[in-house]
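> The following block contains the structure, expressed as structure tokens.
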Amino acid sequence: MHFNLRLNEDRKRDWAVLVNHNIAAFLQNHADCERKACYMALAILGKYPERKAIAPVLIKVAQDKLNRFRMVYNLLDGRALRLGIELPDDMYTKQLSWLKKGGKEDRFIYQLLTAAVIHERECMMLELFQQVVSDKDLADKYQIFLGSVNPYTGMLGHYLSEVVLRDKMAEMSLAEAKIYEGIALAPALH
């Protein structure tokens, strides 16, 4: 099951030009995103320790994200680039997190939905990057980041019926589209 995420052709074209002129900024952003995704998985685990069924999945997500971070870090290092000292504010993620509502159960579901939609947007943008980057050696190295399965939608399937999950994903897709189109274009995953 997937979110219905879109990227209009003008934005896609403009993003491709921007990324190709700012490879260093893109790589730094990608590294930051992998660090934040690792932290997000661990934060959900820490916030809901009573939900033992999700612990193995979230630990695996954190490990995978840390491994991906290491790969991007090596790409940065190979280009004599550094990480930023601090993680920059991410208005996309921040605005998505404002969608959480209701009691503890609803907040839990919305945290998983938020993580799932972020994961899917990042996968979409990594695939686009791999297609449009003019540095073919870098494009080849980015092949490893493609085809990732969204672990959060699987977790959501344990807590919601297929119909409810489909409805919540459709609702989140609409909200995400408004947020994504409203943020400034940058050489970034989101």
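> State to the nearest 20 debye the size of the charge dipole of the range 127-190 about its Cα centre, where the only charges are +1 on K and R beta carbons and -1 on D and E beta carbons. Walk me through the numbers before you get to the answer.
Values: 5 positive and 9 negative charges, 17 e Å.
That gives a dipole near 80 debye.
> Based on the Cβ-Cβ distance from A170 to Q131, what FRET efficiency comes out when R0 is 30 Å, to the nearest 0.05? Walk me through the intermediate numbers first.
Details: r = 27 Å, r/R0 = 0.89.
Taking R0 as 30 Å, the efficiency between A170 and Q131 is 0.65.
> For the range 33-166, give the percent of accessible area contributed by carbon and sulfur heavy atoms, probe 1.4 Å, rounded to a whole number.
Working: 4120 of 7220 Å².
Exposed carbon and sulfur together represent 57 percent of the surface.
> Whole number in Å², please: accessible area per residue of the chain, 1.4 Å probe, ligands, DNA and RNA not counted.
Working: 10040 Å² over 190 residues.
For the chain, the solvent-accessible area averages 53 Å² per residue.
> Using +1 at the C-beta of Lys and Arg and -1 at the C-beta of Asp and Glu, which of V72, L87, H30 has the Cα lying farthest in the positive direction of the dipole of the chain?
After comparing all options, I get L87.
> Hey, how many Å between the Cα centroid of the range 25-94 and the Cα centroid of the range 161-190?
Measuring centre to centre over Cα atoms gives 20 Å.
> Starting from the Cα gyration tensor of the range 124-190, take the square roots of the eigenvalues, sort them a ≥ b ≥ c, and report rounded, prolate or oblate (rounded when a/c is under 1.5, otherwise prolate if a/b is larger than b/c, else oblate). Let's see the in-between values first.
On the way: a/c = 4.16, a/b = 1.63, b/c = 2.55.
In terms of gyration-tensor shape, oblate.
> A177 to A53: extension gain in nm, 0.36 nm per residue of separation minus the Cα-Cα distance? Write out the running numbers ahead of the final one.
Values: separation 124, 0.36 × 124 = 44.64 nm, distance 3.08 nm.
Length gained, A177 through A53: 41.6 nm.
> Right, another one. Calculate the dipole size of the chain relative to its Cα centre from +1 charges on Lys and Arg beta carbons and -1 charges on Asp and Glu beta carbons; express the result in debye to the nearest 20. Numbers along the way, then the final one.
Numbers: 26 positive and 24 negative charges, 97 e Å.
Here the size comes out at about 460 debye.
> Using a cut-off of 18 Å between alpha-carbon atoms, which lysines can reach K94, once sequence neighbours fewer than 8 places away in the same chain are excluded?
Partners within reach: K36, K47, K178.
The values are calculated or read from the model by the stated rules, or taken from the named source; none is laboratory data. Just so it is clear, the model here is predicted, and its values are computed rather than measured. Reconstructed Cβ throughout: ideal geometry from the backbone, glycine too, with neighbour counts over all protein chains shown. These accessible areas exclude ligands, DNA and RNA; they are computed on the full protein's heavy atoms, side chains included. Shrake-Rupley method; radii C 1.70, N 1.55, O 1.52, S 1.80 Å.
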